[in-house]
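The block underneath contains the structure these notes are about, expressed in structure tokens.
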Amino acid sequence: MATERTFSIIKPDAVEANNVGNILAMIEGAGLKIKAMRMVHLSRPMAEGFYAVHKERPFFGELVDFMTRGPVVVSVLEGENAVVAYRTLMGATNPANADAGTIRKQYAKDIGENAVHGSDSLENAGIEINYFFPGYELG
Ligand code: ATP
Ligand code: MG
């Protein structure tokens, strides 16, 4: 088992619905430690850069509209196998397929407005953490 860091976004739908506290409680309840956290309203260039891997997908414009429509909560999470642990806690991208007890099962509306983001690999976690948190903000 390895201690890892991963990157999380609580998306605009969940912030609008007052679910930030509930989602953070699920994260802490799963044993993940919050190492850094900030609320930010993403600009279009920030959102486009963050999801650049999806820029050819038909839903890209919709995704950027959604991610920029209100503030989000970005954080760095640490724990044993944090990347997979947080993806497991999040549940499937489409909440219709998400397991009981996951964040998306409880708080996501649909495949687009799905409450949270989590890094999908250790390599991407490092890239995404650097995108939002300069080293001096991290212990
Ligand atoms: P995330 O990267 O946000 O953690 P994910 O890794 O589960 O989600 P991805 O395939 O990376 O899923 O898709 C990124 C995001 O794009 C999704 O979380 C969702 O908000 C949006 N998205 C994905 N597929 C669709 C779709 N078919 N229609 C609309 N939006 C979509
Ligand atoms: Mg993804």
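The values are calculated or read from the model by the stated rules, or taken from the named source; none is laboratory data. Every value quoted in this text rests on a predicted model; they were computed, and no experiment measured them. Positions of Cβ are backbone-derived with ideal geometry, glycine not excepted, and every protein chain shown enters the neighbour counts. When the accessible area is computed, the model is the full protein with side chains, heavy atoms only, and any ligands, DNA or RNA have been set aside. Shrake-Rupley method; radii C 1.70, N 1.55, O 1.52, S 1.80 Å.
Table: residues versus (1) in a helix (DSSP H, G or I); (2) touching a residue at least 60 places away in the same chain (Cβ under 8 Å); (3) buried (at least 18 other Cβ atoms within 10 Å of the Cβ); (4) not charged (D, E, K, R).
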residue	(1), (2), (3), (4)
Thr88	yes, no, no, yes
Ala92	no, no, no, yes
Gly101	no, no, no, yes
Arg104	yes, no, yes, no
Ile111	no, no, no, yes
His117	no, yes, yes, yes
Ile127	yes, no, no, yes
Tyr131	yes, yes, no, yes
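Checked against the criteria, Val64 counts as crowded, with 20+ Cβ neighbours inside 10 Å and not charged (D, E, K, R). The listed residues are Glu28, Glu48, and the only one of them that is within 16 Å of ligand 1 (Cβ to nearest atom) and either open to solvent by 40 Å² or more (accessible area, probe 1.4 Å) or not charged (D, E, K, R) (or both) turns out to be Glu48.
I need the full set of residues from region 1-25 which are polar (S, T, N, Q), loosely packed, with under 13 Cβ neighbours inside 10 Å and more than 20 Å from Asp110 (Cβ to Cβ), in order please. If the condition is that a residue be polar (S, T, N, Q), loosely packed, with under 13 Cβ neighbours inside 10 Å and more than 20 Å from Asp110 (Cβ to Cβ), then Thr3 is the only one that fits.
Would you say Gly139 is in contact with a Lys or Arg (Cβ under 9 Å, 6 or more places away or on another chain), more than 17 Å from Ala14 (Cβ to Cβ) and in a helix (DSSP H, G or I)? The answer is no for Gly139.
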